[in-house]
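Everything on this sheet refers to the single structure shown next.
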Amino acid sequence: MASIKRSSTSNAPPSEGDLKPNNPLQSDFNDEEESSSIDSDERYLKRALGYKQSLHRQWGFFESFAASFAALYSVGGIRTTFTIGVGAGGPAAYWSSYLITCVFVFITAAVLAEICSALPAAGSIYFWAAESGGRRYGRLFGFIVAWWSTTAWTTFVASNCQAAANFLLSEITVFGLDFPTDPSDIKFRALQWIVSEGFLCLAIGMNYFDPKTYRTIFRVATGIILLDFFMNIIWLPIAVSKSYGFQDAKYVFTQTYNETGAPPVWNWMLSFYVTAGILVGFEASGHISEETKNASVVAARAIFTSAVASAVIGFPLVILFLFCLPDLNTLYSFGAPQPFVEIYAMTMGRGGHVVMNVVCIVGLIFNTTVAGVASSRLIWAVARDGVLPFSGWISKVSDKKEPRNAIIVMHVVAALLLCTILASPVAFTSLVSAAGVPTITAYALIAFGRFFLTPRQFQNSPWSLGRWSRPLTFIALVWNLYLAAVLFSPLYFPVTGQTFNYSPVIFGAITILGIITYLATPEDKWLPAARLGRVHQLEEEHNP
């Protein structure tokens, strides 16, 4: 029974009452019906984590890797937020902050990969938070991170659709059409909303395909990212050399800039506002771990390698864009919703830039589709444990072993979030600014719990950091706390109603929802902490 050898949560043996399943998706630990009829993944899920195998399990390393790699889409993230990044500190701050971010993202991804190896369950980040809090704080951590993470991923899905809409609507400026592109104009916002909702239906619509079709979606999404990367690496510099020419090395590596109005030191620190947002969400492989074969190894490897791959292909693009883009005054004078479309038009011409823009839009659509796969599994897993309203309905699985109702919930909520575009240019932007904060703070909370509350767990994880686990966990804690402080900061100074960063307010409201549901939900209606402790009991039984 080597497959049972994993991690632990508590030294106290769980009682039979604690282990009794309270919904059809949880297993009875005393049920010994399974033997050679189930594989090691299902056996561990049932015997150690306390869940029945409810979703299909047919994906391998590539699908697991693609879930995080395509959801991250660092190429698109750099392009979408580039003008904000160079405005805080200038080119010198952008590339150096990106390098620093890469190092600490690798550390955070390694820490989460080790936890995933011990607890390869759908919902990952929520489940890991519950474990990291131990028997005393596990339920509280679980409820709070459940709300943080589901909100973050659903908001990310909505913001991606708006980003894709901005690329398309930027053609209004390029082709000189008689239609406003100012976000303060309700006519533009109405069109932006309609296009965003259309992209949402297209992207999430692919989530209803059968599991085998997802293999193709994962491959197409990964292929588009690589195509996007190589088109920029090869085509853009050729086009720039034939148009306005390159920036010099002194500009790229030493030029500073202060578009934010913040004090000089904090202006530089605000460059992490963008670099952190580009490389976040690599835990997506964990969200689909119950659909991954040999998940304790494969999902963990996928988390780490996808984070590394996304960061590595992103850095040359950051340097390339700094050399290829016009000076900052010109960059900030563009009137298109997405400045890169105008840059492509200036360098590649009206015809050539359309091809580039189509790749950008299709990339974002598939990015949203893959993010939807991860998001829906997270929502389903949280509902399985009774955390969300209407959890019984949300956690139902279709005949094809897919969380269809969770997909519907994600789609409806994302569509409602997009409706805030109509209210004002600040409303939706505020929601988007809060998308990365809950995930970053969840990373920090998990690291806090792992370092201070459950420091001796996962010693037998198949994908283990060994003696480096604890120091790297502490580094991940400090780093993600720092990022949270940056993400809570206003991005422009002086602070007014238009420039105020509402993410702390939104984050606070989400946290309160988590605490309310924690207090209102009886413990016996949630995954009892003792079920997590079952892992330790099994280790003692099979490794006396």
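The values are calculated or read from the model by the stated rules, or taken from the named source; none is laboratory data. What you see is a predicted model, and the numbers here were worked out from it, not measured in a lab. In this analysis, Cβ positions are derived from the backbone assuming ideal geometry, glycine residues included, and neighbour counts consider all displayed protein chains. Accessible surface is based on the protein model in full, side chains and every heavy atom, while ligands, DNA and RNA are left aside. Shrake-Rupley method; radii C 1.70, N 1.55, O 1.52, S 1.80 Å.
Some notes on this structure:
- Residue 160 being closer than 16 Å to residue 432 by Cβ, in contact with a Pro (Cβ under 8 Å, 6 or more places away or on another chain), open to solvent by 10 Å² or more (accessible area, probe 1.4 Å) and part of a helix (DSSP H, G or I): no
- Between 96, 132, 117, 124, the distinction of being surrounded by fewer than 24 Cβ atoms within 10 Å (Cβ to Cβ) and either closer than 30 Å to residue 386 by Cα or not acidic (Asp, Glu) (or both) belongs to 96 only.
- Some residue of the range 315-338 being more than 24 Å from residue 257 (Cβ to Cβ) and at pLDDT 95 or above: no
- Filter pass, residue 177 being open to solvent by 30 Å² or more (accessible area, probe 1.4 Å), within 30 Å of residue 126 (Cβ to Cβ) and touching a helix residue (DSSP H, G or I) at 6+ places or on another chain (Cβ under 9 Å): no
- Look at the range 421-433: where a residue is in contact (Cβ under 8 Å) with a residue 40 or more places away in the chain and a partner is part of a loop (DSSP other than H, G, I, E, B) and not polar (S, T, N, Q), sitting 6+ places away or on another chain with Cβ atoms under 6 Å, you get 425/183; 430/502.
- Hits in the range 385-411 - residues which are open to solvent by 10 Å² or more (accessible area, probe 1.4 Å) and not in a helix (DSSP H, G or I): 386, 388, 389, 390, 395, 396, 397, 398, 399, 400, 401
- Top-ranked residue in the range 307-344 [being farther than 14 Å from residue 81 by Cα and hydroxyl-bearing (Ser, Thr, Tyr); ranked as most open to solvent (accessible area, probe 1.4 Å)]: 333
- Listed by position, the helices (runs of 4 or more DSSP H) inside the range 180-261 whose residues that are open to solvent by less than 30 Å² (accessible area, probe 1.4 Å) number at least 3 are 186-205, 211-241.
- Helices (runs of 4 or more DSSP H) contained entirely in the range 1-101, each with at least 2 residues that are of a type in the set (S, T, N, Q), modelled with pLDDT of 85 or more and under 30 Å from residue 255 (Cα atoms): 74-87
- Residue 382 meets all of the listed conditions (1) in contact with a Phe, Trp or Tyr (Cβ under 6 Å, 6 or more places away or on another chain); (2) open to solvent by 10 Å² or more (accessible area, probe 1.4 Å) but one, namely (2).
- Residue within the range 482-505 that is modelled with pLDDT of 90 or more, within 29 Å of residue 49 (Cβ to Cβ) and touching a Phe, Trp or Tyr at 6+ places or on another chain (Cβ under 8 Å) present: no
- Scan of the range 280-306 for residues that are among the aliphatic types (A, V, I, L, M) and crowded, with 24+ Cβ neighbours inside 10 Å, ordered by number: 280, 284, 288, 295, 298, 299, 300, 302, 303
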